[in-house]
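Colleague: So that we are looking at the same thing, I have put the structure below in structure tokens.
The values are calculated or read from the model by the stated rules, or taken from the named source; none is laboratory data. A quick note: this is a predicted structure, and the numbers were derived from the prediction, not measured. Counting neighbours? That spans all protein chains shown, and the Cβs are built from the backbone with ideal geometry, glycine included.
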Amino acid sequence: MHTKNSGRTKVLSLSWSKIYASEYFGIFSFALLTAIAAQITIPIKPVPFTLQTMTVVLAGAILGSKKGFYSQLLYLAAGAIGLPVFAVLPESGYGMARFFGATGGFLLAFPFAAYVVGKLVEKYKSYFFVVTAMFLGELLIIFSGTVFLNTFFIHDLSETIKVAAAVFSVWTVVKVFAAAAVYFGLTKSKGK
């Protein structure tokens, strides 16, 4: 009798271990993907073009609101302690200094954008709603970055909108549709 219960406990323990390991793997994977996407850079000043925001919205859509949030928080924490995860911008400093530079407002919005996308995709999984959720996530990042940049650096709203929002408009559309294609490609293959 004793061995029967301990066997069940062991099986339950192994099952929970696998669940936690897979959850942590997803969080870690998207933090790593965001770091890799940061290295794909077109250097425009003051804010470079990267693929980061595409991985941010994918993190929310694929992992869900909480795990998507945590993946981006992990990404920011890795950068804060000085790991080379942010886009290479020597003039912006390293570690915590990056949060006080021109890209700080964009970076700080990453966890919240992933959360918003995740929350919406958890409820609505149609193509229209997934694309809409991803656009909202992208807009949240752009809005936060624009406000931050205008408040602390440029002090001219029309100029800030030009360099922090308008310049990215076409690329934002491309990234959202690319992210949606990846999302639906993965969810279709997972369903098979």
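Colleague: How many of the residues in the range 166-192 are within 20 Å of Lys119 (Cα to Cα), modelled with pLDDT under 95 and among the aliphatic types (A, V, I, L, M)?
Modeller: Summing the residues that are within 20 Å of Lys119 (Cα to Cα), modelled with pLDDT under 95 and among the aliphatic types (A, V, I, L, M) in the range 166-192 gives 1.
Colleague: How about the range 65-88: which of its residues are outside any helix (DSSP H, G or I) and crowded, with 20+ Cβ neighbours inside 10 Å? So that I can check it myself, show each step before the final result.
Modeller: Restricting attention to the range 65-88, the residues satisfying the condition of being outside any helix (DSSP H, G or I) are 81-88.
Result: Val85, Phe86, Ala87.
Colleague: From the list Phe128, Phe106, pick out the single residue that is modelled with pLDDT of 95 or more, of a type in the set (Phe, Trp, Tyr) and surrounded by fewer than 24 Cβ atoms within 10 Å (Cβ to Cβ).
Modeller: Working: Phe106 fails: surrounded by fewer than 24 Cβ atoms within 10 Å (Cβ to Cβ).
Criteria check complete, one pass: Phe128.
Colleague: Which pairs do you get when a residue that is more than 15 Å from Leu51 (Cβ to Cβ), found in the range 22-39, comes within reach of a residue that is of a type in the set (Phe, Trp, Tyr) and buried (at least 18 other Cβ atoms within 10 Å of the Cβ), reach meaning Cβ atoms under 6 angstrom, with the pair 6+ apart or on two chains?
Modeller: What qualifies is Ile27/Tyr70.
Colleague: Additional query: Report yes if Ala133 is at pLDDT 95 or above and in contact with a Leu (Cβ under 7 Å, 6 or more places away or on another chain), otherwise no.
Modeller: In short, yes.
Colleague: Looking at (1) at pLDDT 95 or above; (2) of a type outside the set (D, E, K, R); (3) outside any helix (DSSP H, G or I), which is the only condition Val47 fails?
Modeller: All conditions are met except number (1).
Colleague: Would you confirm, using the coordinates I've provided, whether Val163 is assigned to a helix (DSSP H, G or I), buried (at least 16 other Cβ atoms within 10 Å of the Cβ) and at pLDDT 95 or above?
Modeller: No: the conditions fail for Val163.
Colleague: Within the range 70-98, how many residues are of a type outside the set (Gly, Ala, Ser) and closer than 16 Å to Gly26 by Cβ?
Modeller: As a first pass, look at the range 70-98 and keep what is of a type outside the set (Gly, Ala, Ser): 70, 72-76, 81, 83-86, 88-91, 94, 96, 98.
Now drop any that are not closer than 16 Å to Gly26 by Cβ, which leaves 70, 72-75.
Residues meeting the conditions: 5.
Colleague: Could you identify the single residue in Phe153, Phe135, Phe129, Phe184 that is part of a helix (DSSP H, G or I), out of contact with any Gly (no Cβ under 7 Å at 6 or more places or on another chain) and closer than 17 Å to Gln52 by Cβ?
Modeller: Details: Phe153 fails: closer than 17 Å to Gln52 by Cβ; Phe129 fails: closer than 17 Å to Gln52 by Cβ; Phe184 fails: closer than 17 Å to Gln52 by Cβ.
Going through Phe153, Phe135, Phe129, Phe184 in turn, just one is part of a helix (DSSP H, G or I), out of contact with any Gly (no Cβ under 7 Å at 6 or more places or on another chain) and closer than 17 Å to Gln52 by Cβ: Phe135.
Colleague: Can you confirm whether the range 38-56 contains a residue that is farther than 20 Å from Lys175 by Cα and touching a Lys or Arg at 6+ places or on another chain (Cβ under 6 Å)?
Modeller: No, the range 38-56 has no match at all.
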